[in-house]
Amino acid sequence: MKRFILILFLAFFTIDSFSQGMYGFEGGFGKTMSYTSHLTPELEGYILTKINRHLYVGGSLGYERFSFLYNSNILPAVVAYGDVINIRHKSSYLFFSPKIDLGIGYRKYLHLNLSFGAGLYMGGSQWTNKYQQIFTLPATTVFRSDTGGSYTSYNAPTLIFRYGIGLSERIPTYGYWNIILSQDFGYMPKSFDKTVPNLVTNYFCFSVGLMHKYHQVLVEY
């Protein structure tokens, strides 16, 4: 009887809670992996829910900017009117991506993450140079061949898809906050120009940030 009363008494002092996963934000620099590329800023914020000891699932909101110079390298002997000579491209996209994170090892100091999402065009600029005929003034009946440039930012796609894989290192600090060092590779199969199907490039970035990670909290007293 005394044992039953003790169990009943302790039942009223049970504390139940659940794992809240982790969240964080990062910022850094990246560049496209094809053509003549330039470093550009990259930002990301994410929220992940803990599924089990090593697996987290959630989503991220990221900003990436792309800047590169594409050269077609067409030989002068075979160039024809209308051929693209080069494209100077700059664009910014806001990505909404589901994300899976896998903690590696007992302490989970290393994390592997996978993501897939769509990026919404936020703005940019693009200049396209083509080989074409140009009028020679003042005699309008005389032509010459040269490279002519035009502003073609309207050719940038409104929506672009991105497959990402990343590896991050967690450096514990005071309390629940951790410093995060991340490297991320993004595969983007869609062309950055609607009229040039082969203007495709991948993206690599390095970022530093802070991550708030909860401990195991399903506890009963």
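Brief remarks follow.
- Long pairs among Lys31/Lys130; Lys31/Lys194; Lys130/Lys190; Lys31/Lys213; Lys108/Lys213, criterion Cα-Cα beyond 19 Å: Lys31/Lys130; Lys31/Lys194; Lys130/Lys190; Lys31/Lys213
- Counting 0.36 nm for each residue step from Asn71 to Leu102 and taking away their Cα separation leaves a gain of 7.2 nm.
- Solvent exposure of Lys130, expressed as accessible area, is near 80 Å², computed with a probe of 1.4 Å over the protein chains only.
The values are calculated or read from the model by the stated rules, or taken from the named source; none is laboratory data. Treat the numbers as computed from the prediction; the structure is a model and nothing was measured. The protein model used for the area step is the full one, side chains on, heavy atoms only, and it has no ligands, DNA or RNA in it. Shrake-Rupley method; radii C 1.70, N 1.55, O 1.52, S 1.80 Å.
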